[in-house]
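Written out below as structure tokens is the structure these notes cover.
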Amino acid sequence: KTKYSKLIFRKSDTVPEELHQMVQEGFLTLQKHNCFFQDLVRIKGKDFVTPVSRILIGNPGCTYKYLNTRLFTVPWPTEGYDIKYCSPQIHDACKALIRLNDYLHIEAVKALQGQNLFETKEIKDTTVIDREQNFATSLTEKGSVSKDQSSSCVPEDDYISLKNRTSYNLTLLNYMDPLQMLYLKQEPYFGMGNMAVSWHHDENLVERSTVAVYSYSCEGSAMEESNEQKLKGRDPAVWHVGLKVAWDIETPGLAVPLHQGDFYLMLDDLNMTHQHCVLAGFSPRFSSTHRVADCSRGTLEYIFGQCELALQNLQTDSDSMALSLKSLETAVVKQVEEIHNEVEFEWLRQFWFQGKRYLKCSDWWLKPMAKLEEFWRKMEIMTSLVLSEVGKEEQIEEQRNETISCFLLVLTERQRLRKEWTAR
């Protein structure tokens, strides 16, 4: 109650049976279609393959970045979007996850109200939230409010603040069979045993937003509990979520057993003030981790907007159709070249270095990626136009030097990143 009050744990019997069934079938469908993948992530300049296999499902055009790897959502069925799935079963699995998402959203709102973590002026009961569900979806499609906006232009109207902190725009699904893993790290501080995922904070989230996790361990009868009755510490056969206060190993850690269909919520700032880990049991386990990803720079809408901004500096001669730049001002050149880098390294390369795997679920991303590639080609032309312009004699020396030195910085960075990505 004193150190972990913002952790809310719910046993599986509180969740509607029909929802359990849909979601659990969905997990097994995605696994059967080989839709879970280990990610190549980058930590302190080195690449590692994650022991856990994952897939990201969520609002169309949303992405989620962790450990220098951008994941692209397999879109869940959303009104107003034409999404083709590779099979009706994959469609049903994605639909089950959006249903779970809606359910966990309502549970998070109730939990926050129960804890009085904000004033409840506007909401009297969850039927209001039910009605507002569509509003929540449309709100998150537009990309969540970026950090600096959220404090200034949204009046601290509790309802909106609550909506922003609980309207999950995606879920990161995890799968792991511990018996397939040759080596699992031991939990270092409290002797909690085998870890599937080490101590961490979830990154790239809207500030003080809730994280909701639904757990499904494929417990067979043999796996139920391990035989030794008087175990010291946790039962190693059962999966647990571990929590600790960040940068503190004096305060005792917490390990909560997770059985089939249990879920938990990390409310408010718990993800910031505490770290969590996942402790492996004996049986394979799926989890669905619902998040309010900070999409201020992570949606298609955002990156297309950036491209359009950059291409405003390109003009076509109506007679000769020759391309030229409108402005050679240093600030303009710098902005265009930085967007060029962003498109190439945050989107195109991130997508293609492990992007073909998304085709197992849906081809939704292929069109937008082709469009981004078109934009990128035009920006390559813009780069060569800058080069030919600064090479011309009639440039004023001072302005030319200024353009070259800022241009060179961005090009050097591009070269460095191309080498790094080639190696990856």
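Just to be sure before I move on: is L359 on the phi < 0 side of the Ramachandran plot and either crowded, with 16+ Cβ neighbours inside 10 Å or touching a residue at least 12 places away in the same chain (Cβ under 8 Å) (or both) in the structure I sent? Yes.
Based on what the data block shows, is S318 open to solvent by 30 Å² or more (accessible area, probe 1.4 Å), of a type outside the set (F, W, Y) and at pLDDT below 95?
Working: open to solvent by 30 Å² or more (accessible area, probe 1.4 Å): yes; of a type outside the set (F, W, Y): yes; at pLDDT below 95: yes.
It is true that S318 is open to solvent by 30 Å² or more (accessible area, probe 1.4 Å), of a type outside the set (F, W, Y) and at pLDDT below 95.
Within region 1-45, the residues that satisfy the criterion of being within 21 Å of F72 (Cα to Cα) and not in a helix (DSSP H, G or I) are H33, N34, C35, F36, F37, Q38, D39, L40, V41, R42, I43.
Suppose we filter W364, W376, W421 for residues that are touching a Pro at 6+ places or on another chain (Cβ under 6 Å) and either under 22 Å from L71 (Cα atoms) or open to solvent by less than 70 Å² (accessible area, probe 1.4 Å) (or both); which single one remains?
Working: W376 fails: touching a Pro at 6+ places or on another chain (Cβ under 6 Å); W421 fails: touching a Pro at 6+ places or on another chain (Cβ under 6 Å).
After ruling out the rest, the residue left standing is W364.
Mind listing whichever residues of region 154-176 are open to solvent by 30 Å² or more (accessible area, probe 1.4 Å) and either part of a loop (DSSP other than H, G, I, E, B) or hydrophobic (A, V, I, L, M, F, W, C) (or both)? Scanning region 154-176 gives P155, E156, D157, I160. Listed by first and then second residue, the pairs linking a residue in region 311-326 that is within 13 Å of L385 (Cα to Cα) to a residue that is hydroxyl-bearing (S, T, Y) and not in a strand (DSSP E or B), with Cβ atoms under 8 Å apart and 6 or more places separating them unless they lie on different chains, are N313/S327.
Would you mind listing the helices (runs of 4 or more DSSP H) fully within region 62-152 where at least 3 residues are surrounded by 18 or more Cβ atoms within 10 Å (Cβ to Cβ) and modelled with pLDDT under 95? Quick ask: steps written out before the conclusion?
On the way: elements: 88-114, 126-141, 147-152.
Once the helices (runs of 4 or more DSSP H) in region 62-152 are filtered for at least 3 residues that are surrounded by 18 or more Cβ atoms within 10 Å (Cβ to Cβ) and modelled with pLDDT under 95, what remains is 88-114, 126-141.
Only residues in region 20-45 that are closer than 21 Å to Y66 by Cβ and free of Cβ contacts under 8 Å to residues at least 24 places away in the same chain count as the first member; pair them with residues that are open to solvent by less than 30 Å² (accessible area, probe 1.4 Å) and of a type outside the set (K, R), Cβ under 9 angstrom, at least 6 apart or cross-chain, and list the lot. Once the first residue is closer than 21 Å to Y66 by Cβ and free of Cβ contacts under 8 Å to residues at least 24 places away in the same chain and sits in region 20-45, its partners that are open to solvent by less than 30 Å² (accessible area, probe 1.4 Å) and of a type outside the set (K, R) give Q38/T50; Q38/V52; Q38/S53. Within region 328-345, the set of residues being under 29 Å from the mean Cα position of the chain (by Cα) and crowded, with 19+ Cβ neighbours inside 10 Å comprises V336, E337, I339, H340, V343, E344.
Here's the yes/no breakdown for (1) closer than 25 Å to D294 by Cβ; (2) polar (S, T, N, Q):
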| position | (1), (2) |
| --- | --- |
| S167 | yes, yes |
| T171 | yes, yes |
| M176 | no, no |
| L182 | no, no |
| K185 | no, no |
| F190 | no, no |
| V197 | yes, no |
| H200 | yes, no |
| N204 | yes, yes |
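The values are calculated or read from the model by the stated rules, or taken from the named source; none is laboratory data. Here the structure is a predicted model, which is why all the values come from computation and not from measurement. Heads up, the Cβs are rebuilt from the backbone with ideal geometry, glycines too, and the neighbour counts pull from every protein chain shown. To get the accessible areas, we keep the full protein, side chains included, count just its heavy atoms, and leave off ligands, DNA and RNA. Shrake-Rupley method; radii C 1.70, N 1.55, O 1.52, S 1.80 Å.
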